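For reference, the structure is listed below as structure tokens.
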Amino acid sequence: MKFDLSLYRGYANEEQVILFGHVFKSLAPEYLLTDKKGYRHAKGVFEMFTIKTLKNARIKVYFNNREISTQTTYEGYFRVCIPCNGIDAGWHAYRVEAYYKGHMVEAESEFLKPFPGKIGVISDIDDTFLISHTNNIFKKLYVLLTKNVQKRKIFDDVATHYSLLSKAGRTDKMEINTFFYVSSSEWNLYSFILNFTKLHQLPKAVFKLKKIKSGLTDFLFSGRGNHRHKFNKIKDILEFYPQMNFVLMGDDSQKDPGIYEEIVKYFPKNVAAVYIRQTTNKQNSKTVKMLQNIETFKVPTCYFVDSSIAIAHSKTIGLL
């Protein structure tokens, strides 16, 4: 029987490790978009969003000479929270075996225990660093169907800004600040986004995406709909790392300003700054009001068109 396993980068604090992944009834999505062009790329995108997952597959997770067993949910997803202490800061390897009807597949990935430090970064993806045209569903679908990872574009200077933030406050070259990429894009797009971040040398990060999609309607409305999951994922991160302050990076094309405003209300002492990219010709008045309200909590904000402006702001407020 043919089935496959995708693992994602996990994360840890002083008390536990969180690891997660999917099991699929066929080859995992990362095999569908590798450097394909034209019709083959479009076909791969469609197949990626109609992929089927496998529920109740048996899972064995291995790391640090430990073995943890579980099963996938009805969405083919597994997530384990493992009590553990004494883990050094940095990236650590883990391995997973998946079993179904007498067959087995395995894969390896990593998890991060943050280095002690002042800040971390939580960034949206679409139209924050990856140009996606979220405001125009037809243009978004056209770009998704016709542009492979090599042809997709990144905003100018965003990689520079993120690189500076990753090293902010660090004297040891081996240590970097923690990055999370949290998005309303689905797990179907994980390998595509991962390869994009590597191609443009964005900081290595943990990804938290939206639940897997497996139908034509889901494909047509990829990245849209309710964004409450993004608030919940960011809330989970800040609760998991209560001693860290996070810089929040987003854009005004969807719900980021309102989500970040609510996060600041929940965690008024754990947000170091909020950055919102302007994606249209003029500033959104609702976004301006939300950022003004955020600043009443003494949290600096920056509403910018070009990342060079955001870099200058980070230097002005002492982040860099």
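Helix-only mean residue ellipticity at 222 nm, the chain, DSSP H runs n ≥ 4 weighted -39,500 (n - 2.57), per residue, nearest 500. What is it?
-8500 deg cm²/dmol
Using r as the Cβ-Cβ distance of Lys118 and Tyr77, and R0 as 30 Å, what FRET efficiency do you calculate, to the nearest 0.05?
Once rounded, the FRET efficiency stands at 0.35.
Add +1 for every Lys or Arg and -1 for every Asp or Glu among the other residues with Cβ under 12 Å from the Cβ of Val121, and state the total.
+2
Quick check: net charge around Leu209, other residues with Cβ under 10 Å of its Cβ, Lys/Arg +1 and Asp/Glu -1?
Neighbour charge sum, excluding Leu209 itself: +4.
Looking at the chain, send over the antiparallel percent of its DSSP beta bridges, to the nearest 5.
Of those bridges, close to 60 percent are antiparallel.
Out of all Cα-Cα pairs in segment 39-85, roughly what percent, to the nearest whole number, are more than 17 Å apart?
Counting pairs separated by more than 17 Å, the tail of P(r) holds 53 percent.
List the GluC sites (Glu not before Pro) within segment 15-120 that DSSP assigns to loop and that have no more than 13 neighbouring Cβ atoms inside 10 Å.
Glu15
How long are the semi-axes of the equivalent ellipsoid of segment 26-123, defined as square roots of 5 times the Cα gyration tensor eigenvalues? Whole Å, largest first.
Details: eigenvalues 174, 96, 28 Å².
Taking √(5λ) for each eigenvalue gives 30, 22, 12 Å, largest first.
Tell me which lysines have Cα within less than 23 Å of Lys286's Cα, excluding those fewer than 8 residues away on the same chain?
Excluding near neighbours in sequence, the set is Lys230, Lys235, Lys255, Lys265, Lys298.
Can you tell me the accessible area per residue over the chain, all protein chains present, probe 1.4 angstrom, in square angstrom? Before the final figure, lay out the partial values.
On the way: 15140 Å² over 320 residues.
For the chain, the per-residue accessible area is 47 Å².
Cross-link partners among lysines for Lys167, C-alpha distance below 20 Å, same-chain residues fewer than 8 apart left out?
Lys113, Lys118, Lys198, Lys204, Lys315
Just want the answer: with Cβ charges of +1 for Lys and Arg and -1 for Asp and Glu, which residue in Phe24, Ile276, Thr171 is farthest toward the dipole's positive end in the chain?
Among Phe24, Ile276, Thr171, the one farthest towards the positive end of the dipole of the chain is Phe24.
Please check: in the Gaussian network model of the chain (C-alpha springs, under 10 Å), which one of Asn65, Asn85, Asn195 has the largest mean-square fluctuation.
In the Gaussian network model the winner is Asn65.
With contacts defined as alpha carbon pairs under 8 Å and 6 or more residues apart, what's the relative contact order of segment 47-128 in percent? Walk me through the intermediate numbers first.
Values: 108 pairs, mean separation 20.1, N = 82.
Across segment 47-128, relative contact order equals 24 percent.
Tell me, what is the percent relative contact order of the chain, built from C-alpha pairs under 8 Å that lie six or more residues apart? Intermediate results must be reported in sequence, preceding the final value.
On the way: 621 pairs, mean separation 54.4, N = 320.
Relative CO of the chain lands at 17 percent.
Would you tell me the accessible area of Met104, worked out with a 1.4 angstrom probe on the heavy atoms of the protein chains, in Å² to the nearest 10?
Its heavy atoms expose roughly 90 Å² to the probe.
Using only the alpha-carbon atoms of the chain, report the extent along each of the three principal axes, biggest first, to the nearest angstrom.
59, 49, 33
The values are calculated or read from the model by the stated rules, or taken from the named source; none is laboratory data. Computed from a predicted model, the values in this text were never measured in an experiment. All Cβ positions, even for glycine, are placed from backbone atoms using ideal geometry, and neighbour counts span all protein chains on display. Ligands, DNA and RNA are excluded from the accessible area calculation, which covers all protein heavy atoms including side chains. Shrake-Rupley method; radii C 1.70, N 1.55, O 1.52, S 1.80 Å.
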